[in-house]
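Report on one structure; see the data block that follows.
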């Protein structure tokens with residue numbers, strides 16, 4: 001689409017240090033080899049915003065398939081076994097009607113600032129979500145995505161903070177939002193709710209009545225489009241400084257932070273993808289990850305700037321049904337989180353290991369041979385044996401999953417092991433991109449090549465940003481000593497503000513640099529990023545969810561009387577938390593004796609218990625008891641401890657705690673590395689008791 005793009009991989013695989021840029025306490029400034037003179041902010045001087053990019057797609061690919069879904073067939077009471085599409089030109093028409101309809105409805109409320117509308121979205125992935133998002137781009141409306149894991153209090157906080165006057169949402173979310181208006185003053189700025197589903201006056205009478213009582217005008221999506229058709233408005237093209245979206249993140253602060261991403265960030269994100277990702281012709285993909293988070297929006301923004309066909313799952317609330325959609329659509333590429341790829345990997349391994357007879361022998365040989373070939377730099381059908389094995393075995397595996405047309409996979413949000421990447425590349429005969437990014441960087445800011453033979457990194461810094469490392473001597477990280485430190489980012493793709501929170505923004509940025517809180521190590525060959533730690537007291541699990549360890553520790557310690565000390569750890573390659581704890585044996589004995597029958601707790605006194613603390617039975621009962629005691633704390637499932645090791649008291653002499661009794665996390669991780677590894681090898685403790 002753009003002459004000369006994407007660039008050959010060899011031009012973008014290295015980060016280059018800028019001369020004379022090193023300062024005390026900091027590494028040199030690094031840029032991508034392809035943008036060492038100037039960072040790339042747009043792919044063309046006329047394509048400055050997300051709106052420009054989509055308009056160009058309508059011009060270039062107007063009659064191409066754009067957005068597809070499986071329609072529900074009322075005759076057989078099933079979803080079609082094929083996707084029905086709207087073209088890029090048809091989507092543009094629908095987009096304009098939605099935007100016009102929203103502006104017309106808002107014009108009825110003089111108290112609403114018509115030039116500063118913030119539209120909220122609340123639903124799982126569905127076609128109406130994307131239509132509304134595109135409408136916001138075309139009419140210079142900022143949007144905000146709500147999602148279930150925020151919880152009702154955070155959703156109410158966001159709607160109140162943004163004074164959002166209109167929300168477009170799934171029908172089953174309407175009551176949740178209306179219930180947030182507990183009194184007359186609550187969410188008084190919320191004027192209109194638009195159901196993505198058709199509203200039936202009889203079947204939905206209770207919701208309609210509740211909306212009246214809460215003083216919210218309720219429409220459905222078809223009505224919104226009809227209103228926009230009756231009262232059309234000219235588009236209001238955004239500038240580069242117009243807010244593209246305000247993305248609120250959960251889990252690390254008392255209230256969610258709203259990350260403001262302007263259209264300049266969106267255009268830069270697309271520029272990185274155009275420059276560094278090679279998409280096949282007639283590309284088609286499934287919207288798999290939540291659009292409420294920036295990674296999938298980043299992917300869809302690029303796809304729709306490239307003429308790709310994008311399809312939506314038929315049952316977005318149930319991810320287990322996505323496999324059915326994948327088998328129908330046969331995507332050319334897919335973006336997912338490590339946890340899904342781990343499941344695909346384990347499923348394939350299980351089937352191959354259990355395959356019987358000569359076919360099983362051939363399958364195991366094929367996979368073993370292909371993995372060795374990939375490690376040595378052989379890709380696809382480059383050798384006769386690989387081509388034969390692909391035909392006899394690998395293609396059948398691809399077809400069974402729905403990956404017959406698969407060209408590449410993308411992984412983000414948390415690290416995926418190099419062993420898993422090489423296995424999936426071998427058995428699925430595809431490329432694999434692994435990237436690094438955050439909400440504040442509009443997702444991917446660094447990315448690997450799809451055929452990297454040593455995929456243990458997140459690749460070089462991308463062409464739209466520059467980076468440097470900050471030394472953290474108290475944690476032992478230094479660029480000069482071990483090529484590591486806290487990652488700092490700067491450039492056109494990086495966010496511009498936290499919404500109405502200048503204090504937090506000032507704490508996160510300095511001299512134009514965003515302090516990510518991620519500790520990375522740069523490889524000797526190419527200065528590629530390897531994420532190794534967190535500079536702050538929170539981290540990601542393999543699902544990509546942030547965990548605030550200190551907050552969780554405080555909740556357990558304040559609710560569990562027999563806990564003396566507690567260190568919680570979460571490995572970003574794992575999906576659950578583990579804990580190392582010191583307990584008061586006398587108090588623990590009282591709790592276990594009171595709460596468990598003699599069948600399950602047979603120990604007669606505290607002294608005997610103290611000697612048996614790390615037996616599987618006592619660890620199991622202790623875990624049951626501590627999670628019972630924090631049951632009213634509102635911790636979600638990911639924040640609860642799933643395995644525990646009981647140890648001697650933490651001491652200053654061991655380096656685990658400071659003289660003021662604060663945990664020194666890197667030291668604690670190193671000191672208890674054996675226990676942590678044992679717990680992760682053991683897995684989640686089974687807390688079911690025999691009857």
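A few points about this structure:
- Taken across the stretch 56-77, residues that are surrounded by 19 or more Cβ atoms within 10 Å (Cβ to Cβ) and part of a loop (DSSP other than H, G, I, E, B) do occur, with at least one present.
- When the stretch 517-558 is filtered for residues that are out of contact with any strand residue (DSSP E or B) (no Cβ under 9 Å at 6 or more places or on another chain), crowded, with 16+ Cβ neighbours inside 10 Å and without any contact (Cβ under 8 Å) to a residue 40 or more places away in the chain, nothing remains.
- Residue pairs meeting the criteria (Cβ under 7 Å; at least 6 apart or on separate chains; first over 23 Å from residue 565 (Cβ atoms), in the stretch 587-612; second exposed (fewer than 15 other Cβ atoms within 10 Å of the Cβ) and at pLDDT below 85): 600/689
- Extreme residue, modelled with the lowest pLDDT, among residues of the stretch 208-247 that are assigned to a loop (DSSP other than H, G, I, E, B), out of contact with any helix residue (DSSP H, G or I) (no Cβ under 6 Å at 6 or more places or on another chain) and surrounded by fewer than 18 Cβ atoms within 10 Å (Cβ to Cβ): 215
- Matching residues, the stretch 567-583, being over 14 Å from residue 669 (Cβ atoms) and modelled with pLDDT of 90 or more: 576, 581, 582, 583
- Scanning the stretch 450-484 for residues that are on the phi > 0 side of the Ramachandran plot and modelled with pLDDT of 95 or more yields 459, 483.
- Tabulated pairs, the stretch 319-330, first surrounded by 18 or more Cβ atoms within 10 Å (Cβ to Cβ), second part of a helix (DSSP H, G or I), C-beta under 9 angstrom, 6+ apart or interchain: 326/401
- Extreme residue, nearest to residue 640 (Cα to Cα), among residues of the stretch 577-600 that are surrounded by fewer than 21 Cβ atoms within 10 Å (Cβ to Cβ) and in contact with a strand residue (DSSP E or B) (Cβ under 7 Å, 6 or more places away or on another chain): 582
- Conditions (1) surrounded by 13 or more Cβ atoms within 10 Å (Cβ to Cβ); (2) at pLDDT 95 or above; number of the one not met by residue 23: (1)
Quick grid of which residues meet (1) part of a helix (DSSP H, G or I); (2) closer than 23 Å to residue 301 by Cα:
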site: 124; (1), (2): no, yes
site: 128; (1), (2): yes, yes
site: 134; (1), (2): yes, yes
site: 137; (1), (2): yes, yes
site: 143; (1), (2): no, yes
site: 154; (1), (2): yes, no
site: 158; (1), (2): yes, no
site: 167; (1), (2): no, yes
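- All positions within the stretch 432-453 that are out of contact with any helix residue (DSSP H, G or I) (no Cβ under 7 Å at 6 or more places or on another chain) and either assigned to a loop (DSSP other than H, G, I, E, B) or under 16 Å from residue 9 (Cβ atoms) (or both): 433, 435, 446, 448, 450, 451, 452
- The stretch 110-129 residues that are outside the structural domain of residue 148 (by TED's automatic domain parsing), paired with ones that are modelled with pLDDT of 95 or more (beta carbon under 9 Å, 6 or more apart): none
- When restricted to residues that are surrounded by 24 or more Cβ atoms within 10 Å (Cβ to Cβ) and touching a helix residue (DSSP H, G or I) at 6+ places or on another chain (Cβ under 8 Å), the stretch 454-489 contains 9.
- Considering each residue of the stretch 172-190 in turn, at least one proves to be under 14 Å from residue 220 (Cα atoms), surrounded by fewer than 19 Cβ atoms within 10 Å (Cβ to Cβ), at pLDDT 95 or above and not assigned by TED's automatic domain parsing to the domain that holds residue 285.
- Restricting the stretch 493-516 to residues that are touching a residue at least 12 places away in the same chain (Cβ under 8 Å), more than 21 Å from the chain's Cα centre (by Cα) and not in a helix (DSSP H, G or I), the residue that is nearest to residue 245 (Cα to Cα) is 500.
The values are calculated or read from the model by the stated rules, or taken from the named source; none is laboratory data. Just so it is clear, the structure is predicted and the values come from calculations on it, not from any experiment. Glycine also receives a Cβ, built like all others from the backbone with ideal geometry; neighbour counts cover every protein chain displayed.
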